[in-house]
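Beneath this line is the structure, given in structure tokens, with notes to follow.
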Amino acid sequence: MKLGTILNNRTLLAITTAVFILLPAFVLPVGTRYFPISFFVLAFSFIFLILALKTKFIGLIKELCSLRTSKLFLIFALWVIVDSLLLIFIGKMGLFKPLMPILLGIFASLGLLVFLGFLFVSVLGIKKSMKYIYSFLYAINVIGIINFFIFTFKIDWLSKIYFFFVNKRLLVMNWDAQVGNLIPRIQSVFEEPSFLAFFICINLPLVYAMTLCKAPIYKNPKINKFVKYTAIPLMWIVLLGTLSPINIIFGVIISVIYYLIISKVSLKKVAVYTFSICFSLIIFYFLVDAAGEDSKVFYRIKMVLYSIGNFESFVLMEPSLATRVVYAVNMFIIFLQNPFLGVGIGNLSEPLYYQIDSSPVPLTLEISVRALKALSPAAFGYTPSIFFRFIAELGFIGIGLLYAFFFQMYVLCGKLSRFFLKGEYSRYFFGLKYMFLTFLILSFYSSDLYLNYYWIMCGIALGAYCKCRKIAAKKEYKNEKNT
């Protein structure tokens, strides 16, 4: 049986996209490095598609690159290269230092995934793309519930299956000790619960929009009804199960803004939502105020709120969030010292190592331990936000270009939503628009720039925009022909 009879372009793209979204923490060891399984699947898919599509494959690349938003991304990538060359020329960065961040970061983890999303919607169409993405989001939450039961009841054989596919953090750790000491926090398919919580937060607008729209997502009415009725509660159960206080707070804020401001619901619904939110906040307040050390989430939120006025207390009470704040302050100082070129992509470790010695804010235990354990300044590990990392590495030009691209994705989806104003796709792009805006805002806190899903969604939006231009061109041609 020929491979072509087993796989077709649509099936292959659906499988490849599913692997990237559903298996982000599944890696294979290659020598001393670990590479995501998804990139091996992508390499196979692209070889197959190049042979199957031939000249059309090159045409799709050209079509993607011709878009204004794509050009912004290309200019950003070009600036990263120029910036690196200038820093190498003036002796502030080694010759090979930027090679891996550019090839594996900007090109592979960002550029190729944008093109994958573009191919995905170009070949499958907008409606099927919507259905697949919604299904992937639902599946991640279902896996989260399964993973909660595995962790809670310590089901050893299921743990081994689970950690075979979510193995990125465990390859260098002792298996039995890790499984034996697991806290029942939901992490689903991600490396850690906070990554899942961030993922859910950025997708809240999209899931709300698609779930609450009247248009069916699935042909089977029973499946459609069941998934739509359970999608939002399931997502919130999983978000709470991550035990990530800051992301839970983000989720509440995003939901309030979405329902009361963005959705422009009726006054009656506003009153109902306002009452529900106020009632929930009162209960939430009493739960937090009465929380003891045995309550992991509420006690942690309580300690954070009580220590906000004193940074030294804040460092002790909420070391994870405080670590990000300390890094952000020191990275911004590095930017002020190198405002035009930055220190170079992938070259932040050493400047940050020396900067924290004179940090204007107290260091957390995590940062102190990392500094002591670092074999050299260049090996110093850090957890930066997207914004503060890139403003320090690329200067104001680089960060300006990156955030211009982020904002343009928001604008693009607004245009798509208006194009389908009365159609079934309108709510999809309405939700997608605010998903991009949420990512942009949370990027000042989150460190997960190389989130596969986000860049695939950029490609899907760009592909949908191309389809809309073709539809508009056909309509214009028909009108001219009729006149």
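Specify which of the listed residues (LEU402, LEU372, LEU352, LEU416) is out of contact with any Gly (no Cβ under 8 Å at 6 or more places or on another chain) and within 20 Å of ILE75 (Cβ to Cβ).
Values: LEU372 fails: within 20 Å of ILE75 (Cβ to Cβ); LEU352 fails: within 20 Å of ILE75 (Cβ to Cβ); LEU416 fails: within 20 Å of ILE75 (Cβ to Cβ).
Step by step, each of LEU402, LEU372, LEU352, LEU416 is checked, and only LEU402 is out of contact with any Gly (no Cβ under 8 Å at 6 or more places or on another chain) and within 20 Å of ILE75 (Cβ to Cβ).
PHE148 passes all but one of (1) farther than 28 Å from TRP236 by Cβ; (2) surrounded by 15 or more Cβ atoms within 10 Å (Cβ to Cβ); (3) more than 18 Å from the chain's Cα centre (by Cα); which number fails?
(1)
If I ask for residues that are open to solvent by 30 Å² or more (accessible area, probe 1.4 Å) and touching a Ser or Thr at 6+ places or on another chain (Cβ under 7 Å), which ones from the stretch 32-43 would you list? First the steps, then the outcome.
Here is the first cut: in the stretch 32-43, the ones open to solvent by 30 Å² or more (accessible area, probe 1.4 Å) are 32-37, 39-41, 43.
Within the stretch 32-43, VAL41 is the sole residue that qualifies.
Let's see how each residue does on (1) under 15 Å from VAL123 (Cα atoms); (2) open to solvent by 50 Å² or more (accessible area, probe 1.4 Å); (3) modelled with pLDDT under 80:
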| residue | (1), (2), (3) |
| --- | --- |
| ILE6 | no, yes, yes |
| LEU12 | yes, no, no |
| ILE21 | no, no, no |
| VAL30 | no, yes, yes |
| SER45 | yes, no, no |
| ILE50 | yes, yes, no |
| PHE57 | yes, no, no |
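Determine which single condition TYR229 fails, assuming it passes every other condition in (1) touching a residue at least 40 places away in the same chain (Cβ under 8 Å); (2) of a type in the set (Phe, Trp, Tyr); (3) in a helix (DSSP H, G or I).
Of the numbered conditions (1) touching a residue at least 40 places away in the same chain (Cβ under 8 Å); (2) of a type in the set (Phe, Trp, Tyr); (3) in a helix (DSSP H, G or I), the odd one out for TYR229 is (1).
Just the residues that are under 27 Å from ALA392 (Cα atoms) and open to solvent by 10 Å² or more (accessible area, probe 1.4 Å), please, taken from the stretch 402-433. Give the derivation first.
Filtering the stretch 402-433 down to residues under 27 Å from ALA392 (Cα atoms) leaves 402-411.
Answer for the stretch 402-433, where residues must be under 27 Å from ALA392 (Cα atoms) and open to solvent by 10 Å² or more (accessible area, probe 1.4 Å): TYR403, ALA404, PHE407, GLN408, TYR410, VAL411.
One line per residue, one yes/no per condition, for (1) open to solvent by less than 10 Å² (accessible area, probe 1.4 Å); (2) closer than 14 Å to ILE140 by Cα:
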site	(1), (2)
PHE195	no, yes
ASN203	yes, yes
LEU206	yes, no
PRO221	no, no
LEU243	no, no
ASN247	yes, no
GLY251	yes, no
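Among the residues of the stretch 311-323, is any open to solvent by less than 30 Å² (accessible area, probe 1.4 Å), assigned to a loop (DSSP other than H, G, I, E, B), modelled with pLDDT of 60 or more and among the aliphatic types (A, V, I, L, M)?
No: zero hits.
For every residue, the table says whether it meets (1) modelled with pLDDT under 90; (2) in contact with a Phe, Trp or Tyr (Cβ under 7 Å, 6 or more places away or on another chain).
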| residue | (1), (2) |
| --- | --- |
| SER376 | yes, no |
| ALA379 | yes, no |
| PHE388 | no, yes |
| GLN408 | no, no |
| LEU416 | no, yes |
| LEU421 | yes, no |
| CYS458 | no, no |
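Report yes if ILE217 is among the β-branched types (Val, Ile, Thr) and open to solvent by less than 50 Å² (accessible area, probe 1.4 Å), otherwise no. Full working, then the answer.
Details: among the β-branched types (Val, Ile, Thr): yes; open to solvent by less than 50 Å² (accessible area, probe 1.4 Å): yes.
Taking the combined requirement at face value, the residue satisfies it.
Would you check which residues across the stretch 51-83 are small (Gly, Ala, Ser) and within 26 Å of the chain's Cα centre (by Cα) and list them?
Keep residues of the stretch 51-83 that are small (Gly, Ala, Ser), which gives 52, 59, 66, 70, 77.
Those that are small (Gly, Ala, Ser) and within 26 Å of the chain's Cα centre (by Cα): SER66, SER70, ALA77.
Kindly establish whether TYR450 is in contact with a helix residue (DSSP H, G or I) (Cβ under 8 Å, 6 or more places away or on another chain) and either of a type in the set (Lys, Arg) or part of a loop (DSSP other than H, G, I, E, B) (or both). I'd like the intermediate steps shown before the answer.
Values: in contact with a helix residue (DSSP H, G or I) (Cβ under 8 Å, 6 or more places away or on another chain): yes; either of a type in the set (Lys, Arg) or part of a loop (DSSP other than H, G, I, E, B) (or both): yes.
Yes, satisfied.
Enumerate the pairs (first residue in the stretch 248-261 and modelled with pLDDT under 90; second residue anywhere and of a type in the set (A, V, I, L, M) and not in a helix (DSSP H, G or I)) with beta-carbon separation below 8 Å, excluding pairs fewer than 6 apart on the same chain, so at least 6 apart or on different chains.
Matching pairs, first to second residue: TYR259/VAL265.
It is to be established whether one or more residues within the stretch 360-377 are out of contact with any strand residue (DSSP E or B) (no Cβ under 9 Å at 6 or more places or on another chain), open to solvent by 20 Å² or more (accessible area, probe 1.4 Å), within 19 Å of PHE340 (Cβ to Cβ) and not hydroxyl-bearing (Ser, Thr, Tyr).
No, that holds for no residue.
Hey, any hits in the stretch 64-76 for a residue that's free of Cβ contacts under 8 Å to residues at least 24 places away in the same chain, under 24 Å from ARG10 (Cα atoms) and open to solvent by 60 Å² or more (accessible area, probe 1.4 Å)?
For the stretch 64-76, residues free of Cβ contacts under 8 Å to residues at least 24 places away in the same chain, under 24 Å from ARG10 (Cα atoms) and open to solvent by 60 Å² or more (accessible area, probe 1.4 Å): absent.
What are the pairs, 6+ residues apart or on separate chains, where a residue within the stretch 147-171 that is closer than 29 Å to ARG33 by Cβ has its Cβ under 9 Å from a residue that is hydroxyl-bearing (Ser, Thr, Tyr) and at pLDDT 85 or above?
Hits for this filter: ASN147/TYR162; ASN147/SER188; ILE150/SER159; ILE150/TYR162; PHE151/SER159; PHE151/TYR162; VAL166/SER188.
The values are calculated or read from the model by the stated rules, or taken from the named source; none is laboratory data. Just so we're clear, the structure is a prediction, and the values are computed from it rather than from any experiment. Note: ideal-geometry Cβ built from the backbone for every residue, glycine included; neighbour counts use all protein chains shown. The protein model used for the area step is the full one, side chains on, heavy atoms only, and it has no ligands, DNA or RNA in it. Shrake-Rupley method; radii C 1.70, N 1.55, O 1.52, S 1.80 Å.
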